[in-house]
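This report concerns only the one structure given below.
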Amino acid sequence: MIQFAKDFQTKYTLNNLALKALASFWMLFVFMSTNAQQDISKDSTVVINVIKTMPSFSIHNDNYFITGTTIGETPDANNSDGKLKIGFKQRLTNKTLPFDTYLFFTYQQTAFWDIYKKSLPFRETNYNPSLALVKPLYRNKEFNGFLQFQFEHESNGRDADSSRSWNRLSLIYRRYLSDDFTGTLKVWLPVGSKTGNADITDYRGFQQLDLAYKLDEDFIFEAEMRKAFSWDAIGSLLLGANYRISQASEQFIYLQYFLGYSEDLITYDQHVHRIRIGIVFKDLFLKFRK
């Protein structure tokens, strides 16, 4: 892998546009991720105040750039790539809506970037906007998680035979199992047509389980699991290890392992086994109770 990187460096150089894009991405999310996680193990008044005083525009889920290769193969330009994920959320109103809910618009974009090929093409980009209602949950008058109901769209922006698109209604339930251990269950129901991927639920399933554990202020470990409704081992497993590199903001070195199906839309029915490493700007808002 090291020799391959050296060979690539001598053969290719990033063009100015790519350098500017990476620099802009870095500066934007350094700025957006400077809001440290707050202690929310309090009553409803404190939680409501935290939500209302959070920036109306902020990052949504992890934002990262990582690079790596396919496990079990000799690394080359065809089986190695970069993975770029960005996301943001916008709180649409400061007022508490009926049933003590809050309205958000969220957007995520995941790009698979062939940075080891001569022209640096983006192989695939997936777009995922949603409109979400979030309701904090309490146990014994203390904040203990939240429910999130949303309508979301996901597509790859292509046409003809390469088009992949679907819509779904999703319900997310997050529960704080302890101050440093969080479980999140997401279930969804596809609605409307599924262009180019009518059988996507055979590979992605109808549910996802996320676990996150904060060992200390510097180390966070995560797992994301999806399983289709079949006896076969069809689904996916994503494991992440994060090491903090900045105490002033939520920046981490990020190691990601992926095994399974539907990492992207264009090859949702193909098995993938990859490992990547890079930098992540973490969205820790409501991630842990403390």
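The values are calculated or read from the model by the stated rules, or taken from the named source; none is laboratory data. Please read these numbers as outputs of a predicted model, since none were measured by experiment. Here the Cβ positions follow ideal geometry from the backbone for every residue, glycine too, while neighbour counts run over all protein chains shown.
How about the range 236-247: which of its residues are touching a Phe, Trp or Tyr at 6+ places or on another chain (Cβ under 6 Å) and either surrounded by 20 or more Cβ atoms within 10 Å (Cβ to Cβ) or among the aliphatic types (A, V, I, L, M) (or both)? Answer for the range 236-247, where residues must be touching a Phe, Trp or Tyr at 6+ places or on another chain (Cβ under 6 Å) and either surrounded by 20 or more Cβ atoms within 10 Å (Cβ to Cβ) or among the aliphatic types (A, V, I, L, M) (or both): SER236, LEU238, LEU239, ALA241, ASN242. State which residue is nearest to the chain's Cα centre (by Cα) when the search covers only the range 49-97 and only residues that are more than 25 Å from TYR254 (Cβ to Cβ) and not polar (S, T, N, Q). Among those that are more than 25 Å from TYR254 (Cβ to Cβ) and not polar (S, T, N, Q), it is ARG91. The one condition from (1) at pLDDT 95 or above; (2) in a strand (DSSP E or B); (3) farther than 30 Å from ASN144 by Cα that GLN208 does not meet is (3). Among the residues making up the range 246-255, those that are in contact with an Asp or Glu (Cβ under 9 Å, 6 or more places away or on another chain) and at pLDDT 95 or above are PHE252, TYR254. Of all the residues in the range 54-94, those that are under 19 Å from ASN126 (Cα atoms) and touching a His at 6+ places or on another chain (Cβ under 6 Å) number 3. Within the range 62-121, the set of residues being among the hydroxyl-bearing types (Ser, Thr, Tyr), at pLDDT below 95 and over 20 Å from PHE151 (Cα atoms) comprises just one member, SER119.
Please verify whether the range 257-272 includes one or more residues that are over 22 Å from GLU154 (Cα atoms) and in contact (Cβ under 8 Å) with a residue 40 or more places away in the chain.
In the first step, residues of the range 257-272 are kept if they are over 22 Å from GLU154 (Cα atoms); the result is 257.
Narrowing the set further to residues that are in contact (Cβ under 8 Å) with a residue 40 or more places away in the chain leaves none.
No, the range 257-272 has no match at all.
Taking the conditions (1) within 20 Å of GLU224 (Cα to Cα); (2) at pLDDT 95 or above; (3) in contact with a Phe, Trp or Tyr (Cβ under 9 Å, 6 or more places away or on another chain) in turn, ILE200 satisfies each one other than (2). When the range 192-202 is filtered for residues that are outside any loop (DSSP other than H, G, I, E, B) and either buried (at least 17 other Cβ atoms within 10 Å of the Cβ) or free of Cβ contacts under 8 Å to residues at least 40 places away in the same chain (or both), the ones remaining, listed by number, are GLY192, SER193, LYS194, THR201, ASP202.
Under the condition of being part of a loop (DSSP other than H, G, I, E, B) and among the hydroxyl-bearing types (Ser, Thr, Tyr), the residues counted in the range 55-83 number 2.
I'm trying to understand the selection: among the residues of the range 203-239, which are touching a residue at least 40 places away in the same chain (Cβ under 8 Å) and either under 14 Å from the mean Cα position of the chain (by Cα) or within 16 Å of GLN270 (Cβ to Cβ) (or both)?
Initially, the range 203-239 is screened for residues touching a residue at least 40 places away in the same chain (Cβ under 8 Å), giving 203-204, 212, 214, 220.
TYR203, ARG204, ALA212, listed by residue number.
Looking only at residues in the range 214-235 that are buried (at least 16 other Cβ atoms within 10 Å of the Cβ) and in a strand (DSSP E or B), the one that is modelled with the lowest pLDDT is LYS227. For the range 244-254, the set of residues classified as aliphatic (A, V, I, L, M) and touching a residue at least 40 places away in the same chain (Cβ under 8 Å) consists of ALA248 only. Quick check: anything in the range 124-133 more than 20 Å from the chain's Cα centre (by Cα) and at pLDDT 95 or above? Checked the range 124-133: no residue is more than 20 Å from the chain's Cα centre (by Cα) and at pLDDT 95 or above. Scanning the range 265-290 for residues that are part of a loop (DSSP other than H, G, I, E, B) and of a type in the set (A, V, I, L, M, F, W, C) yields LEU265, ILE266, LEU284, PHE285, LEU286, PHE288.
For the range 96-114, taking the residues that are out of contact with any helix residue (DSSP H, G or I) (no Cβ under 9 Å at 6 or more places or on another chain) and over 21 Å from SER165 (Cα atoms), the one that is surrounded by the fewest Cβ atoms within 10 Å (Cβ to Cβ) is identified as PRO98.
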